[in-house]
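First comes the structure, then the notes that go with it.
The values are calculated or read from the model by the stated rules, or taken from the named source; none is laboratory data. This structure is a prediction, so every number in the text was calculated from the model and none was measured. Here the Cβ positions follow ideal geometry from the backbone for every residue, glycine too, while neighbour counts run over all protein chains shown.
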Amino acid sequence: MPKLTIDGKEIEVPAGTTVIQAAEKLGINIPWYCYHPALPVAGNCRICMVEIEKQPKLQIACYTPVANGMVVKTNSPKTLEARKSVLEFLLVNHPVDCPVCDQAGECKLQDYYMEHGQYNSRLVDVKIKKHKKAFSIGPTVMLDQERCILCTRCVRFSDKITKTNEFGVFNRGDHSELDLVPGKQLDNKYSGNVVDICPVGALTDKDFRFKCRVWYLGQTKSVCPGCSMGCNIEIHWDKSRPRTQKVERAMRLKPRLNPEVNQYWICDEGRYNYHFIDDHRVLYAQRKDELMALDKAIDLIAQTIQPLKDSGKSDRIGVIASAQLTNEDLFIIRKFFKDTLKVSQIDYRVPQPTGDSDDFLIKADKNPNTAGAQTIIQPNGTDSQSIIQKAKQGELDVLYVFGHDLVKLFGKETVEQISTKVKLFVWQGSNINETGSYAHVVLPAAVYAEKDGTFTNCQQRVQRIWPAFLPLGEAKADWEIVALLSEKLGNPFSYRGADAIFKDIAQSVGAFSEMTYEKIVDQGMVLKK
Amino acid sequence: MQKILTRHFNQSDSHRLDFYLRDKGYEGARKALTQMTPAQVIDEIKKSNLRGLGGAGFATGTKWSFIPQSNPKPKYLVINADEGEPGTFKDKYILEQDPHALLEGIIVTCFAIGSHKAYVYIRGEYLKSIERVHGAIEEAKQKGFLGKGIMGTSFDLEIIVHQGAGAYICGEETALLESLEGKKGFPRLKPPFPAVVGLFGCPTVINNVETVSCVPPIILNGAEWYAKLGCERNGGNRIFCVSGHVKKPGIYELPLGTMLREIIYEHAGGIRDGHQLKAVVPGGISASILTANEIDVKMDFDSLKAVGSMAGSGGIIVMDETTCMVWAAMIAARFFAHESCGQCSPCREGSGWVYRNVKRIYHGEGRKHDVANLPGIVGNIGGNTICAFGDAVTMSVGSYVQKFRSEFEYHVSQGKCDLLLNLQESAR
């Protein structure tokens with residue numbers, strides 16, 4: 001393996017590594033615009049030029065492969081001068097409309113200017129006027145040609161990743177413009193990613209534009225709950241606004257690098273699927289139309305279950321859990337219903353229509369935790385359809401449903417019937433749906449963005465989610481609500497948090513053995529066979 | 001003085017095969033194909049000191065030897081006939097008046113590098129050239145000089161003519177390859193060099209029209225003969241294109257190493273009546289301009305490099321004392337701004353900025369700092385770009401500012417052009 005020196009630090013890297021990658025390993029940041037580790041090298045922005053001993057010209061770090069004995073200087077006067085000059089060139093025809101630009105605050109042009117530029121402007125000439133400013137190029141993205149620095153990252157993304165070829169650079173010289181290929185719209189399932197990879201404010205997200213200045217955003221690592229792929233994301237939320245239900249807290253979702261799962265990308269379906277975090281939430285417990293305190297509602301449920309528990313009539317209870325829940329939620333559901341109450345009529349699967357899928361990130365199973373639910377709940381024999389049938393025929397006293405909209409799945413009539421036939425129909429969920437209005441008791445559950453826990457994706461990878469916010473209203477994580485009920489029925493759990501539950505899962509569920517939150521950190525760990 | 005490249009020029013039907021055959025036509029190719037091995041051909045060219053006459057002056061035999069013969073992919077020869085360098089018009093004459101010289105050169109070159117397909121990329125505006133090359137290919141095919149089993153040997157060769165679409169940058173060899181592949185003419189990152197990964201990802205030699213046309217005489221007459229025509233490390237003759245304020249503008253085939261003064265004053269007849277030499281661009285607009293005091297220089301690749309300019313494409317642009325150098329710089333800058341492909345930032349943004357800057361100075365709207373800033377701005381382009389275009393901007397425009405700075409300053413301070421000043425300067 002070639003050994004080289006960068007800024008006086010030695011490093012040995014595999015042959016074929018580029019200088020920019022080797023520098024990154026040393027924690028030395030070489031600036032870039034056009035370079036992207038997942039895209040072919042274009043080498044056109046020139047800001048990553050570095051001085052390499054014995055080479056007369058500066059070399060672009062993104063393209064130059066390392067060589068044994070190479071001596072690279074990323075901070076020499078010559079290198080810094082070149083960076084400065086590239087920045088100056090990039091601003092020659094740039095509108096510098098930062099005050100009205102959505103990218104401000106996360107703009108590489110701004111960042112590098114603060115770091116390397118800060119020269120007195122030598123520009124007095126009229127700038128080249130480009131054709132399109134604030135121009136819609138599809139359902140999700142806006143284009144501003146003036147701000148574009150023609151790095152071609154979006155062009156390469158649409159050529160190589162989605163292979164949809166929407167973008168091109170047209171005209172020549174300083175009249176070059178990024179634009180759509182004639183007759184095309186940016187309308188693919190991954191279109192939002194071009195906004196992420198645009199280093200400047202040329203491509204902005206319609207969903208996010210003018211909603212929030214990025215320096216007001218807090219970031220919380222999470223996993224997309226939109227399908228079983230479990231793409232790693234960051235939830236960006238508004239730090240400046242009070243955490244009430246009156247305003248949106250979640251501002252946008254951004255992909256988070258996980259080379260094993262989603263690399264740098266997420267699909268649009270996942271990206272824009274966050275409004276439910278703040279909208280149409282179940283905030284308080286409810287009995288029919290009457291709001292009530294959560295502990296009162298728990299009392300109410302306990303009163304119905306207690307006699308069944310005492311008389312051992314667990315066959316009068318049916319539970320439909322959900323693969324939308326975390327492993328921790330499901331583990332407490334299993335402990336309470338299966339282990340304590342001895343309920344055997346428990347399932348998490350519901351007859352859902354097959355979802356949209358492709359051979360990249362989008363999976364047909366729209367649940368983030370099917371693998372986890374299967375491993376933890378292990379439904380034996382009974383399935384949700386037979387539980388529903390029994391409830392409909394009055395063979396159950398209690399039906400406890402987590403999140404599912406039974407009206408959509410089984411029809412209004414069935415749910416109406418269940419409502420009259422069973423003694424207690426509990427629906428616990430985070431967002432209002434029609435089923436809730438038929439339930440006898442509604443319990444307010446937290447959404448994934450308010451929870452600590454783990455999901456297991458379709459690769460059997462256990463991945464961590466972190467709470468971005470406190471739950472709204474009286475909502476609680478599903479496991480907490482079940483734990484309250486369990487306590488009320490005389491079986492208190494001693495878990496103080498999701499991490500404690502996960503420790504227990506690791507001890508009692510073989511597939512999770514030896515896993516800890518510390519070990520799965522950002523990138524996850526695969527279930528044992 | 002022996003003429004090689006231009007020996008057939010200005011004779012009726014010089015472009016026809018029967019004319020060409022009367023003067024040992026295709027004998028060089030026959031000799032190479034029947035009596036020599038490819039390695040011997042390459043060796044002969046190396047010894048001849050033939051250099052790339054498109055502008056870079058790279059040793060031709062060495063370039064050919066870079067083709068990896070172990071590579072199982074097809075090899076290609078691409079002829080760069082996208083003659084676009086302002087001040088240059090030599091290839092046009094070869095293509096129009098002696099196309100068979102080029103074709104014969106192609107046959108020998110392809111034999112040497114093991115190629116069975118050659119492309120001739122001709123500048124889009126050169127309609128007559130395109131027509132003549134097409135005609136010559138047809139004639140050569142009928143005689144069995146092209147196609148399958150050339151001249152009774154087992155060597156096959158096909159030549160394809162491609163018409164360019166009017167971009168200067170497509171004369172840059174890798175942009176030319178991109179264009180030939182049907183893409184936008186953007187120069188490629190190097191390495192890999194075309195000899196390894198060239199046209200359609202295959203090993204490719206790209207040679208200029210004039211260079212390849214020199215090959216058959218070298219094969220016929222020997223490398224030593226050719227090398228002796230020129231000067232040290234610069235073999236043979238080249239065609240100098242003289243334009244501007246001379247009495248006899250035109251093309252002159254002269255040995256490499258001929259003095260610039262001799263070309264201007266003897267061959268081109270000197271400066272037009274009653275005027276004096278002020279400046280001269282020695283190798284196409286990309287080359288640094290030389291002042292009247294700098295013309296005692298040998299016109300070969302090494303000598304011109306030593307004085308900070310370049311031999312380039314052999315386009316000599318002569319300017320007398322009536323020429324405003326700010327204006328001349330503006331014309332050069334305008335050309336570069338117009339022709340920059342726009343791929344990499346320093347050249348894309350810089351070339352236009354430089355043009356606007358010089359234009360402002362020329363029109364008397366310059367500011368105090370403009371002249372002082374210009375060398376720095378221009379200097380930030382060269383050496384920092386993907387291809388040599390950026391170097392050309394720096395070299396060319398930079399040299400006007402460097403050598404005629406007082407004119408730029410006069411434009412700024414007086415807000416106008418003063419040719420009286422020019423007269424005084426050239427008298428100094």
Is it true that some residue in the stretch A:11-29 is touching a helix residue (DSSP H, G or I) at 6+ places or on another chain (Cβ under 9 Å) and under 16 Å from A:PRO199 (Cα atoms)? yes
Cross-chain or 6+ apart pairs with Cβ under 6 Å, the stretch B:11-32 first and in the same structural domain as B:ALA140 (by TED's automatic domain parsing) and at positive phi, then outside any helix (DSSP H, G or I) and surrounded by 23 or more Cβ atoms within 10 Å (Cβ to Cβ): B:TYR26/B:PHE145
Determine whether the stretch A:134-149 contains at least one residue that is under 26 Å from A:VAL50 (Cα atoms), part of a helix (DSSP H, G or I) and of a type outside the set (Lys, Arg). no
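The rows are residues; the columns are (1) crowded, with 24+ Cβ neighbours inside 10 Å; (2) in the same structural domain as B:PHE408 (by TED's automatic domain parsing); (3) in a helix (DSSP H, G or I).
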position: B:GLY274; (1), (2), (3): no, no, no
position: B:GLY312; (1), (2), (3): yes, no, no
position: B:ILE316; (1), (2), (3): yes, no, no
position: B:ILE331; (1), (2), (3): no, yes, yes
In the stretch A:55-96, anything buried (at least 21 other Cβ atoms within 10 Å of the Cβ), more than 9 Å from chain B (Cβ to nearest Cβ) and of a type in the set (Val, Ile, Thr) is listed as A:THR64, A:VAL66, A:VAL72, A:THR74, A:THR79
What number goes with the only condition from (1) in contact (Cβ under 8 Å) with a residue 40 or more places away in the chain; (2) more than 14 Å from every other protein chain (Cβ to nearest Cβ); (3) part of a helix (DSSP H, G or I); (4) under 26 Å from A:TYR216 (Cβ atoms) that A:PRO99 does not pass? (1)
Restricting attention to the stretch B:149-181, the residues that are free of Cβ contacts under 8 Å to residues at least 40 places away in the same chain and within 14 Å of another protein chain (Cβ to nearest Cβ) number exactly 1
Please verify whether the stretch A:291-301 includes one or more residues that are under 30 Å from A:GLU248 (Cβ atoms) and in a loop (DSSP other than H, G, I, E, B). yes
In the stretch A:61-96, anything touching a residue at least 12 places away in the same chain (Cβ under 8 Å), over 18 Å from A:ILE20 (Cβ atoms) and in a helix (DSSP H, G or I) is listed as A:LYS84, A:GLU88, A:LEU90, A:LEU91, A:VAL92
Which number in (1) within 14 Å of chain B (Cβ to nearest Cβ); (2) on the phi < 0 side of the Ramachandran plot; (3) assigned to a loop (DSSP other than H, G, I, E, B); (4) among the charged types (D, E, K, R) marks the one condition that A:ARG46 misses? (2)
When B:ILE264 is run through (1) assigned to a loop (DSSP other than H, G, I, E, B); (2) more than 14 Å from chain A (Cβ to nearest Cβ), the failure sits at (1)
Would you check which residues across the stretch A:9-26 are in contact with a strand residue (DSSP E or B) (Cβ under 9 Å, 6 or more places away or on another chain) and assigned to a loop (DSSP other than H, G, I, E, B) and list them? A:VAL13, A:ALA15, A:GLY16, A:THR17, A:LEU26
Examine the stretch A:207-219 for a residue that is touching a His at 6+ places or on another chain (Cβ under 9 Å), part of a strand (DSSP E or B), farther than 23 Å from A:PRO40 by Cα and among the polar types (S, T, N, Q), and state whether such a residue exists. yes
Keeping to the stretch A:285-328, report how many residues are free of Cβ contacts under 8 Å to residues at least 40 places away in the same chain and of a type in the set (Lys, Arg). 1
For the stretch A:23-43, what are the residues that are within 12 Å of another protein chain (Cβ to nearest Cβ) and touching a residue at least 40 places away in the same chain (Cβ under 8 Å)? A:TYR33, A:CYS34, A:PRO40, A:ALA42
Need a quick list: helices (runs of 4 or more DSSP H) entirely within the stretch B:358-428 having at least 3 residues that are modelled with pLDDT of 95 or more, within 30 Å of A:ILE60 (Cα to Cα) and not assigned by TED's automatic domain parsing to the domain that holds B:LYS190. B:368-379, B:389-403
Failed criterion for A:ASP504 (all others in (1) at pLDDT 95 or above; (2) closer than 29 Å to A:LEU406 by Cβ; (3) surrounded by fewer than 23 Cβ atoms within 10 Å (Cβ to Cβ) hold): (2)
Subset of the stretch A:104-131, residues of a type in the set (D, E, K, R), more than 11 Å from chain B (Cβ to nearest Cβ), touching a residue at least 24 places away in the same chain (Cβ under 8 Å) and out of contact with any strand residue (DSSP E or B) (no Cβ under 7 Å at 6 or more places or on another chain), comes to A:GLU106, A:LYS108, A:GLU115
Anything in the stretch A:162-178 that is at the interface with another protein chain (Cβ under 9 Å from one of its Cβ atoms) and among the polar types (S, T, N, Q)? List them, or say none. A:ASN171, A:SER176
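Are any of the residues in the stretch B:367-374 within 18 Å of A:LEU90 (Cβ to Cβ) and within 12 Å of another protein chain (Cβ to nearest Cβ)?
So far as the stretch B:367-374 goes, yes, one or more of its residues are within 18 Å of A:LEU90 (Cβ to Cβ) and within 12 Å of another protein chain (Cβ to nearest Cβ).
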State whether one or more residues within the stretch A:279-295 are within 23 Å of A:VAL462 (Cα to Cα), buried (at least 16 other Cβ atoms within 10 Å of the Cβ) and out of contact with any helix residue (DSSP H, G or I) (no Cβ under 7 Å at 6 or more places or on another chain). no
Considering only the stretch A:115-123, I want to know if a residue exists there that is on the phi < 0 side of the Ramachandran plot, among the aliphatic types (A, V, I, L, M) and in a helix (DSSP H, G or I). no
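Of these, A:GLY355, A:GLY312, A:GLY318, which one is surrounded by 15 or more Cβ atoms within 10 Å (Cβ to Cβ) and at pLDDT below 95? Spell out how you get there, then give the answer.
On the way: A:GLY312 fails: surrounded by 15 or more Cβ atoms within 10 Å (Cβ to Cβ); A:GLY318 fails: at pLDDT below 95.
None of the other options fit; the residue is A:GLY355.
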So is A:ILE418 within 30 Å of A:LYS288 (Cβ to Cβ) and modelled with pLDDT of 95 or more or not? yes
Log entry, pairs with first residue in the stretch B:121-148 being within 13 Å of B:LEU102 (Cα to Cα), second being of a type in the set (A, V, I, L, M) and part of a loop (DSSP other than H, G, I, E, B), beta carbons closer than 7 Å, six or more apart or on different chains, reads B:ILE137/B:LEU146; B:ALA140/B:LEU146
Check off (1) among the small types (Gly, Ala, Ser); (2) assigned to a loop (DSSP other than H, G, I, E, B); (3) touching a strand residue (DSSP E or B) at 6+ places or on another chain (Cβ under 9 Å) for A:GLY201 and give me the number that stays unchecked. (3)
If I go through the stretch B:340-359 residue by residue, how many of them are surrounded by fewer than 24 Cβ atoms within 10 Å (Cβ to Cβ) and more than 7 Å from every other protein chain (Cβ to nearest Cβ)? 1
The number of residues in the stretch A:470-484 that are buried (at least 24 other Cβ atoms within 10 Å of the Cβ) and outside any loop (DSSP other than H, G, I, E, B) is 4
